[in-house]
Amino acid sequence: MVPLFGSRLATVSVPSEEQYSLVRPYAMTGGRTRPATRIAIEALVSTLAGPSAYSALAPEQQRILQLCEDVKSVAEVSALLNMPLGVARVLVADLAAVGLVAIHEPSTQGEAPDVALLQRVLDGLRRL
C-alpha cells in the first residue's frame, strides 16, 4: 500500500511484480493466443540465423534463438524460458515465418518413432 497525497488520505495498492507478469505473455505475443501454423509440443526447433540477426528482435525471441542453437523441443523452450507453452508456440512460429528457426515436426505417418529423436527429447527433459 502506498499513501496517496499524504498519510491521512486513502491509500492505493501498487501491483507487485508477480501481478505484472500476468500481463506480460499477452504483450509478448501481441495478443495472439495461437500460432499461425500448428506446432506440436514435441516438435524440435533449431536456429538458422547467426547472432547478427538477433538485434532487431524482441528479447524473448533473442533468448529462443540463443537457446535453440542446440536443438530443443517446443516444450523445452517453454520450460527453460519459464514462459507458457502457448506463448512459446506463437513466438517460435513467428521466428519460423521469417526464416530464423527451422521446425522439425514429428512424423505423423504410421511409421515407428525415430529413436534418435526420442532420445534427444528424453535427454532434454532430463536436463530440466
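Of the residues VAL87, VAL45, the single one that is open to solvent by less than 20 Å² (accessible area, probe 1.4 Å), in a helix (DSSP H, G or I) and in contact with a helix residue (DSSP H, G or I) (Cβ under 6 Å, 6 or more places away or on another chain) is VAL87. Applying the criterion of being at pLDDT 85 or above and assigned to a loop (DSSP other than H, G, I, E, B) to the residues of the stretch 90-128, the residue that is least open to solvent (accessible area, probe 1.4 Å) is LEU100.
Checking each residue in the stretch 61-84 for being open to solvent by less than 20 Å² (accessible area, probe 1.4 Å) and in a helix (DSSP H, G or I) picks out ILE64, LEU65, VAL74, GLU76, VAL77, SER78.
The values are calculated or read from the model by the stated rules, or taken from the named source; none is laboratory data. It should be emphasised that the depicted structure is a prediction, and the values quoted were computed from it without experimental measurement. Using ideal geometry, Cβ is built from the backbone for each residue, glycine included, and neighbour counts are taken over all protein chains shown. Remember, those area values only see protein heavy atoms, side chains included, never the ligands or the DNA or RNA. Shrake-Rupley method; radii C 1.70, N 1.55, O 1.52, S 1.80 Å.
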